[in-house]
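Have a look at the structure below before the remarks.
The values are calculated or read from the model by the stated rules, or taken from the named source; none is laboratory data. Computed from a predicted model, the values in this text were never measured in an experiment. Quick reminder, even Gly has a Cβ in these numbers, built from the backbone with ideal geometry, and neighbours come from all protein chains shown.
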Amino acid sequence: MRTLGGRYRLERRIGVGGMSEVWRGHDRVLDRPVAVKIIAPAAAGTLGEARGAEFVRTEARSAARLVHPNVAGVHDFGTSQASDREVPYIVMELVEGQTLAEHLGAGLFDWRIAVRICAEVAAALAAAHAEHVVHRDIKPANIMLTPAGAKVLDFGIAATVGSHDPTPDGPVMGTPAYVAPERFSGLAATPASDMYSLGVLLYHCLSGRLPWTAASHTELIDAQRRLDPEPLPHIDGLAPEVLDLCSRCLHRNPAERPTALVAALLLAEAVDARVYVPLVDAGARTPRPSAVPRWDTRAAEAPTNIALPADPGSASPGGRHLDERQGRHRAG
């Protein structure tokens, strides 16, 4: 059995992707189960040691900036020496459950559950966007359903707002069916592109299919650019606001899409659910105050009492303290 960093024992592989593997592991120091993500051997050979380490480090930093109940937490990042190379790894919260993709494969669930899941995903995106992080790969396979709610996984291709793909002439980062159409025109990653992915996710959860029917990725991209989504089937009791939100998320013009905070609150209200969102909407333009608020000034000028250790040479039991009026030490 393999141990990374002298601390994390790998027990069994629980996930494999194009770039990485995820292992169930055990933290020997804190005696707890964890998930450990490493570069897949094939990808390591393609990327090279330096790029592979940077790939893992970037994901760790993106996800570690987020502390949110609907985002899988990051515990640690490091490298461990293998026989012929350094292996970078991320240690994450072990999320028990099944992916949304697995649930959808077994059939549709009640629309209220679908809307609640998407509300929680939107709340996670609101937290990411508040930290200027764009996920870029929201899809059912990256959403884990747990007894405590939905968890967004895999920030492997996350980027800061406004970032372009590393190779402009190469493939667009993400899963084609969930990638916003403007990304195929070379535009940078933005929160609005994540909102398009959320719209596809919501449509998929409500209907069991994608908004466009296509025989290939090329046909799909062309349909996204030219055609309106196919109408959703009638769903008894579904709030019209949810249908409107789904349509707005799938709008070809990024400026017409709602923010993640707005989507989270609207979807949660439609099913009477609770979500955790930032206090400030990352998509709203709030002007900076032109002057320091008066309460800040008062707080800065308020005296501060600092108790100091007693002076053995002083007869006063109170020792010495800071005179807040004169800003100097005096006898107690």
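A compact table of results
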item: Single residue of PRO211, PRO258, PRO240 found to be at pLDDT 90 or above, surrounded by fewer than 17 Cβ atoms within 10 Å (Cβ to Cβ) and either polar (S, T, N, Q) or under 30 Å from HIS103 (Cα atoms) (or both); result: PRO240
item: Helices (runs of 4 or more DSSP H) contained entirely in the range 187-250, each with at least 1 residues that are touching a residue at least 60 places away in the same chain (Cβ under 8 Å), of a type outside the set (Ser, Thr, Tyr) and in contact with a Gly (Cβ under 7 Å, 6 or more places away or on another chain); result: 191-207
item: Test: VAL275 is within 29 Å of VAL71 (Cβ to Cβ) and buried (at least 17 other Cβ atoms within 10 Å of the Cβ); result: yes
item: Cβ pairs under 6 Å, 6+ apart, first in the range 1-21 and farther than 13 Å from VAL87 by Cβ, second part of a strand (DSSP E or B) and among the hydroxyl-bearing types (Ser, Thr, Tyr); result: ARG9/THR3
